[in-house]
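In what follows, a structure is listed as structure tokens, so that the remarks can point back to it.
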Amino acid sequence: MESDSIDCMAFSDVIDDDDDDDGSHHHQLPSLSKTHSNSTVSSAVHRSTTGVHELLECPVCTNSMYPPIHQCHNGHTLCSTCKTRVHNRCPTCRQELGDIRCLALEKVAESLELPCKFMSLGCPEIFPYYSKLKHEALCNFRPYNCPYAGSECAAVGDIPFLVAHLRDDHKVDMHTGCTFNHRYVKSNPQEVENATWMLTVFHCFGQYFCLHFEAFQLGIAPVYMAFLRFMGDEIEARNYSYSLEVGGNGRKLIWEGTPRSIRDSHRKVRDSHDGLIIQRNMALFFSGGDRKELKLRVTGRIWKEQQNHEGGACIPNLCS
């Protein structure tokens, strides 16, 4: 899919933007201060917990093991998922695993409280062992998946990393500003084949947004769809709104909505139809001419909802 005549307008008001013992009382043993004592105990507990946590690490996938925890006749353990992967053979001693449960290790796990695995990324939470996995699946500090939809990209990281990754590895167009004007041209609009055509990243209000435009089959009908995703969490995404408009020959379609977070996969957003959908016949009508070539101009705008502290209502910051 080609894209030409891309005009990205930037605006000037965009927010980028005890005294020591002298030894005379030899019959008294020196004592630790309360603070020192607590610190020593805490350190010992941490080392103990860390050691147990290592015992609960699956040797195959290195993830924490949850019941049922399996073991071989020699006592080597692994998680239930990896038991299938290794074809019921112990990855350590190569003995047949059978169906032996390591009940002692499962019991130990019930008594543990451990930090979130995203602690190094800023999460301060500590959870009972069996609650940790559920939290980590939804943790706000967990890395983001690459939002590029044109390939099965396995890159994960924080937003600055993904922005650089999209620019350098996927060669995605980067623009500054909160309005855009894209023209999409395709010589053979009959070919859709679930193809993703374009991803553009916009930087405005100090945040990054991904504009998707693509063709796919909706039932038996080919359609074109444009939608915006916010590079951040869902709660943050709700602070913004956007509009998309496409038209021609005196007709136009307009979509207004809230960008979806990139926590939601590209496919999930697309399959929920949460965006501007254009039927092929209408798209060809907008294109004019002999209706054999697709020529669509999609314009859009992103704005931030600002709180009116006097009345409590939200008013739009139109970035103009």
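Bear in mind these aren't lab numbers, they're just calculated from the coordinates by the rules spelled out. All figures in this text were calculated on a predicted structure; none of them were measured in a lab. Here Cβ is always computed from backbone atoms with ideal geometry, including for glycine, and neighbour counts include all displayed protein chains.
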Where Cα atoms sit under 27 Å apart: lysine pairs in region 83-241 separated by 8 or more or lying on different chains: 10
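Got a sec? How would Ser241, Ser120 order by Cβ neighbour count within 10 Å, fewest to most? Intermediate results must be reported in sequence, preceding the final value.
Values: Ser241 18, Ser120 9.
Arranged by neighbour count, lowest to highest, Ser241, Ser120 become Ser120, Ser241.
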Stretchable slack from Ala221 to Asn249, in nm (0.36 nm times residue separation minus alpha-carbon distance): 7.8 nm
